[in-house]
Amino acid sequence: MEQKNNVWTITLAIIIAAVIVGGGFYYWQQSQLELMDEAITDLKNENQALTNKATPIENENNNIRINQLLTLDASSTLCTKSPTTESSDIGGDYTIYPVADEYKTTADDYHNIAGLFTAAACGKARLNELFGSKTFRDVAIFTQDPSSSLIEYLNKNGFACDDDKIPDNRCSRWHNNGPVPLEVLVGLREWATMIYGSDCTDCG
């Protein structure tokens, strides 16, 4: 009888030990899973934070450009020199405006948006003198590697890529039937390094 009691005692002890060990392992496993969940959540949050931080980088750079837009002395040659007129090889005349060195990469043969940017740098009086009477119809803006902020600006102001089969970030020619407000074209100064020319009716 005593031997039978010992067997039951040992068996019960084994069962209790198994329960304790199993329970401890279960809680340990759960704690590890919780730690893993927390780590995954932290990683997701960090990733989202990095994404959110990366998104406005371009806008911050644009703000830098806004704050550092070229300003010219109204008495400088660029702000007082009269535009010249030349004949086009394809007929008609076109106007050549004074252009600041900072905008020469945007100059083209006909409508000189670089000249408009330069006039804007001289001040409102010069801008209105040279471009205030223009209606800017059928405007085309030629871009190189347009940024998302430039694309957003163009779309917001009625421009669309001439080729709807390519993504906007690869578009090189944007068109707006117009008339386009003068201040919209002046606003493109922020992205002058991405704009290499323009064309339009009654624009210069």
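Rule-based calculations on the coordinates, nothing more; no lab input. Small disclaimer: the values here were computed from a predicted structure and weren't measured. No Cβ is skipped: glycine too gets one built from the backbone with ideal geometry, and neighbour counts run over all protein chains shown.
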Separation in nanometres of the label points that stand 7 Å from Cα toward Cβ, at residue 145 and residue 87: 4.1
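If each residue of separation counts as 0.36 nm, what is the full-extension length gain between residue 201 and residue 173 once their alpha-carbon separation is subtracted?
Numbers: separation 28, 0.36 × 28 = 10.08 nm, distance 1.57 nm.
So the chain would gain 8.5 nm between residue 201 and residue 173.
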Nitroxide proxy distance, nm - points 7 Å out along Cα→Cβ at residue 124 and residue 165: 4.7
